Structure formats: structure tokens, C-alpha cells
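Okay, so here's the structure we're looking at.
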Amino acid sequence: MSAYWPSRWPGEDAGASRLQAPWPVGDSAPGLHVQPGQQFEVVSREAMATTMVVLRDPGEAYVLHHTMGLDTISWVEQIDPETLEPLRRSVDLAAGPMWPGGMAVHANGSLYVVFGRYAHRLAPDTSVIASRELPRERPYNSFVILPDGHIATKDFAGERPLRDPNVENPPNSELVILEPIGLEIVARLTLPEASIARISAEGNDIYIVGNDSLMRVRWDGTLTLDTAFDGRYRTMPGQTYGWDAVITDGAAWFLDNGDGGTNYMGTMHGCGVSDAPLHLVRVDLADGAVSLTEVCGLPKGLIVNPPVIDPQRRIAVGYDSSNGVLAAFSFDEAGKTTPLWSREQNHACHPLLFAETGELFTNDHDASRFMDQFVILDITTGEEKLRADSGSPAQSVLFPAAGFGRDIYLSSFTTLSRLSLID
């Protein structure tokens, strides 16, 4: 966490390990503390192609936006944290090929953006300090900040709905390290596999979910692939690739059957193509041992985002966005899972865990009304504690963020929303 700015939510998934849980800062609220009959307010605004919100100092909230197509731009807004109205906007930031990127607040106080094939460093007033074109003619799907402050990023090797057929795709992905001052490229490593997922890190170990295996790379001024680590998870007919990994409790946790996301047309429901059931995947970081747990056992499953792991309660929550199932499992010290609860729910975005209170934010898309909803659950029981329309007609497949208090931001391809609980 030390390389990120000390806020509740300094970057996507709240940090490099993707724990998806807000950090306690000062006297900020550690949880939502939803009460029976809880009063709430939802504010939303139309905001096309909104990826995520990050927080800096109290009152400083920033949003990453982008255009769609083959030759895109991105930009950053600083917004009023309550009304969501823009306070200032960056200039257009060069991007290129489109895939949702990322933004984070560095410990040095600057904002960093990776979108398309460009990285940018911005001041808190959204002015540009430095920019860097990245090596491959592919989008780079975000980054993590390593403990020494360097930026690690990787090109996205998956199918995209908008792609130039004249550009040849390499058969693998490449890890790139940028120094944080001028964004100079200081190290590159060609990976043995293509990777669709966003990278994760724990300390100086970078984890990349490849097309078939989980790979581990050590950063110590140079990049070294751990060739002895064999986290091969794709082992059965009909199984497809995994997405972003959560690193905690001595393991990497992610969900497989990620193929089919390009079928998204405002909802992930019914978009799956995989013949094998969708799995919660656990890869032991000590020996690379892999265990698979079926989320619901149905074919044609699909996800494009990570599970949530609660190491304190030893609960893992996975989902199948195509079949509309959300399921929780308890796990023991060895990682063996036992079903805990399951519910029908059209969840697709990154989950968000308030660890102290055990409150789990999810979304639920009502296709009959074209309305995405905030849904707060008890992670232990699956009990629904609060439900509210977000104002977004599209199902979010992107990032929520914890607010400064008892509030949550949610981004979708059409809308930026904020749910706040009334004391």
C-alpha cells in the first residue's frame, strides 16, 4: 500500500493485490453499517464510457473517461464527491486502441493513467506532467504500482469488439516497467503466454493470469520469470481463460471462463460460450497447486472480473454473469472450499467488500427495466441488506469505489452513480 496515496480508495480494487476492500484512513467510516429500513440517496449523471473513480485527499475524487473506437482518447475529471458534477478536466490524453484502462494516485501525489497504448502522469489539478507511448500496438489494460514506486503494465491480448484487422497480434503478452518521474521504460519481459486479465502484485512479485497458467515475475530492478512456478489452471475441455487475480491468504484467486465478453450488449446475461462449468480457481503461491470449485455447475458461464476473498471470515465469493448466479464458499487453511450460500443475481462488475462489517457490494441488472442496481449483501449469509436503482441502463462490468464515508461510486459504460446512506 505504501506506493499508493494513503486514501480510502487510491486505485482500482484499492491496490495491487486487488483485495477490493477500502483502506481505513483517519476517522473515515470502516463500513456502511446498513440498518433495517436504512434511508439512502442515489445521485447519477450520464457519463459515457466511465471506467473508475479514485480518491486522493478528503474531497478530492477523480474519474477516468474515454471514447470508443480504434483511435481513442481518455481524460480525467475531478468531480464534486457528492453531486458528481465536474470541477475540472484534463486535456485529451492520447490513447489509441480501446480497452478499459486504469487510474491510481501514487504516493508521490500524482495521478497515473494507462489507457490504450499510452501512460500519463497528471498533477492533482489534472495538468499533464509526463506521457509515454507504450511499445505494442495494443491496448494496455491498466497497471499496478510496485513498492518502490515503479509502474508495472501489460498489453491486453484478448479479442476486442473494435480492432484493426490490419494490425497483427503477437501470440503472447509483454510486461513493461515504467519509472514514475518521466515514465521512461526501464524493463521489458516477453511472457510465454498471452494474457487477458489485469495484473496483480504482492510486494515485488507480479502475478499474471495467462491464457492457460498463472505466471509469477519478480521485480528487483530487473524482471525475472519464475520458471519453477507452474500454476496451470486450464485443464479440461471447454474451459476458457481466467481474469484478474486476488492475491491473499497465500494464494491467487480468480474466475475462469472469461471468453465471450465481446458478446456484451448492455448485459452479460446469456453471453457465455464455454462448454465447461465456470470455476473459482485457487493457485497456491508456495507450490503452484491448483484447485477448481464450480460456481454453479452450468455450461455457458461467463465472467470478466475477479471474485472477492474475505480472509478474516475465510469466505470466497464467485459469480457467473451469463447464468445470473452469485455464490459464496467457506474455505479452510488448505484452501478446500465448502458451499455456503447461492442466489440468483445478475452481477458482473468488480465486487467491493467492507471487511470490518462483512458487507458486500454487488450489482444486479434488471433487463426488463434496463436498470442496474446497487445491492448490499451480508457476506456470511447472502442476506440482502439494501437494494437501490443506480440510474444506469447498462449493466456495469467495470469498477465501483468506496467513498469517503458511507457511500459507494459505481461506473458503467453509460453512467456514473453514487449511493450514499443517510445517518
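Only the coordinates and a few stated rules stand behind these numbers; no lab work does. Only a predicted model underlies this, so the values are computations on that prediction, with no experimental measurement involved. All Cβ positions, glycine included, derive from the backbone under ideal geometry; neighbour counts span all protein chains shown.
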(message) Nothing charged except the Cβ atoms of Lys and Arg (+1) and of Asp and Glu (-1): what's the magnitude of the dipole of segment 189-329 about its Cα centre? Round to the nearest 20 debye.
(response) 240
(message) For Ala367, project a label point 7 Å along Cα to C-beta. Then give me every residue of segment 289-329 with its amide nitrogen under 17 Å of that point.
(response) 298-304, 320-326
(request) Place +1 on the Cβ of every Lys and Arg and -1 on the Cβ of every Asp and Glu in the chain, take the dipole about the Cα centre, and give the residue among Val144, Ala14, Leu421 whose Cα lies farthest towards its positive end. (result) Val144
(request) Can you tell me how much longer the chain between Ile129 and Glu46 gets when fully stretched, taken as 0.36 nm per residue apart minus their C-alpha distance, in nm with one decimal? (result) 27.0 nm
(message) Along the Cα→Cβ direction, 7 angstrom out, place labels at Asp230 and Asp80. What is the inter-label distance in nm?
(response) 6.0
(request) Loop only per DSSP, at most 14 neighbouring Cβ atoms within 10 Å: give me the trypsin sites (Lys or Arg not before Pro) in segment 320-376, ordered by residue number. (result) Lys336, Arg369
(message) Within a 10 angstrom radius of the beta carbon, how do Ser417, Ser110 rank from fewest other beta carbons to most?
(response) Ser110, Ser417
(message) Placing unit charges on C-beta atoms (Lys and Arg positive, Asp and Glu negative, everything else neutral), compute the dipole magnitude of segment 27-75 about its Cα centre in debye, rounded to 20.
(response) 100
(request) For segment 12-421, give the magnitude of the charge dipole about the Cα centre (Cβ charges: +1 Lys/Arg, -1 Asp/Glu; no others), in debye to the nearest 20. (result) 360
(request) Return Leu223, Leu255 ranked ascending by Cβ neighbour count within 10 Å, so the fewest neighbours appear first. (result) Leu223, Leu255
(request) Go through Leu386, Gly297, Gly335 and say which Cα lies farthest out towards the positive end of the charge dipole of the chain; charges sit on Cβ, +1 for Lys and Arg, -1 for Asp and Glu. (result) Gly297
(message) Name the residue from Gly250, Tyr319, Val209 whose Cα lies farthest towards the positive end of the charge dipole of segment 187-321, charges +1 on Cβ of Lys and Arg and -1 on Cβ of Asp and Glu.
(response) Tyr319
(message) Please rank Cys296, Cys349, fewest neighbouring Cβ atoms within 10 Å first, as an exposure proxy.
(response) Cys296, Cys349
(message) Need the C-alpha centroid separation for segment 356-372 versus segment 54-120, integer Å.
(response) 25
(message) Output wanted: per-residue J couplings in Hz (rounded whole) for segment 411-419, from phi through Karplus 6.51 cos²θ - 1.76 cosθ + 1.60, θ = phi - 60°, x for Gly and Pro.
(response) 10, 9, 6, 10, 8, 10, 10, 9, 9
(message) Please compute the contact order of the chain in relative form: average sequence separation of alpha-carbon pairs under 8 Å and at least six residues apart, divided by the residue count, as a percent.
(response) 16
(request) Note the listed values (i) 0.98; (ii) 0.89; (iii) 1.08, then indicate which one is Cα Rg over 2.2 N^0.38 Å calculated from this particular structure. (result) (ii)
(request) Let me have the relative contact order for segment 1-143, percent, based on Cα pairs under 8 Å that are six or more residues apart. (result) 19
(message) Exposed loop sites here are GluC sites (Glu not before Pro) in DSSP loop states with at most 11 other C-beta atoms within 10 Å. What is the longest stretch of the chain lacking them?
(response) 1-167
(request) Convert each backbone phi in segment 365-378 into a coupling constant with the Karplus relation 6.51 cos²θ - 1.76 cosθ + 1.60 (shift: θ = phi - 60°), then list the ³J(HN,Hα) values in order as whole Hz, x for Gly and Pro. (result) 8, 9, 5, 5, 10, 6, 9, 8, 10, 6, 9, 9, 10, 7
